[in-house]
Every structure is written in C-alpha cells, then in structure tokens.
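The values are calculated or read from the model by the stated rules, or taken from the named source; none is laboratory data. Computed from a predicted model, the values in this text were never measured in an experiment. Quick reminder, even Gly has a Cβ in these numbers, built from the backbone with ideal geometry, and neighbours come from all protein chains shown.
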Amino acid sequence: MKANMHNEMTEMNEAIQQEHESATTGQTYLLFRLAEESYAVEVGRVEEVLEYEPPTFVPRSPACLLGIVNVRGRLVPILDLRRRFGLPEHEHSGESRFIVMNLKWEGDDVSLGVLADAVEGVADLPGEALAPPPKVGRAVESEFLKSVARHKDRILLLMDVDRLLTPEYLHQRFAELTVGAQPHAAGHAAQQE
C-alpha cells in the first residue's frame, strides 16, 4: 500500500512538472479536499505534493502555522487550512498531504506548504467553467477564493494562493501573541495528545 501511495504521488508530481513545462497556464488545476469540500489551485502555483509528516513546531507562532518541514534542504512553513478558515480540527490520515505552493510575499516568490485532507488529482477546467465566487455564504472562505467551477458532479472552490497568508495577517497574529493572546503552544500541546 505504501508503494502504491508513493507511485500515485510520483505520478501527480510528474503531471505537475509536465504542466509547468507546457505552454498552457491557468487551465489545469490540482484538486484537493478539505472538510468535505473540493478545492482547486492552479497547477502553475504548485511546486509539489508531499506525504504528511509531523512538522517541526516553531514556538510562539500563530496557531494556523503548524511548523516547518525540510523539503530537500529548504525549510518550508506549513499552514493548516482548516485553522486558517476557522474549520473544525481533523485527525490526520493516510490521505493527508502537504501541497507546496508558490505565493507572492511582498514582491518575492516564497514557498508555503498547506495541509489538505486529501489530494484528488489534476483536472483541466475551461475558462467558461469558471464563475465569480458567491457573495453570500462561505463568508469565511470568500476572501481566499478566485472563482468557483462546476467539475463533473461537484463544485470546486478555486483558491487565491496569494491571499492564504499575507504579511498583514501574520503581523496581526504575531501582535496578538505579544499582548497575551493564547499562544500556539497550547494548541501544540493539544495536538500532541
């Protein structure tokens, strides 16, 4: 089973690499699941998909940042999308994955890993399948969405990668930590139980 899972991830990472090398951009998406909802991100913004491993905890970091992982010599911060979106906690499973994405951070390209419940594959979505996100409902997530799309029998929520973790958001979270808000260490202790 472990070998099969490794083969699936290798194939998915190869598909991501092929998309990076092809002339088309913005039409192929990596599909993933979070809290029973289907999300998508442009393959051009995805560096790779990794199996879940416990991240190294960073003291006094915001609760949505799980820690860091070593990706071939690079330290990549890991964002828990469930915490970022205010969704209920979820036990990590054999399907849990880190999606390493490239986002713009104050003019620079930086890598950020996000924790997803499962990665479901890649799909081509034509431009006419995309629509603006709804103005009502999903209020928590709407700021992180570029658009929505119907794909087969479900609705996909297309992520705006650059809005997942902004300097303003992090500065605010760190400021809350320094004035006595609940430190991440309490969340980390609960996570270890």
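See the values below:
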| quantity | calculated |
| --- | --- |
| Test: residue in the stretch 130-151 that is under 22 Å from Asn70 (Cα atoms), aliphatic (A, V, I, L, M) and either touching a helix residue (DSSP H, G or I) at 6+ places or on another chain (Cβ under 7 Å) or at pLDDT below 90 (or both) | no |
| Subset of the stretch 53-108 that is in a loop (DSSP other than H, G, I, E, B) and acidic (Asp, Glu) - its residue that is farthest from Tyr169 (Cα to Cα) | Glu95 |
| Test result for Glu51, within 20 Å of Ala118 (Cα to Cα), of a type in the set (Asp, Glu), in contact with a Lys or Arg (Cβ under 7 Å, 6 or more places away or on another chain) and free of Cβ contacts under 8 Å to residues at least 12 places away in the same chain | no |
| Residue in the stretch 128-143 that is under 24 Å from His171 (Cα atoms), of a type in the set (Ser, Thr, Tyr) and surrounded by fewer than 16 Cβ atoms within 10 Å (Cβ to Cβ) present | yes |
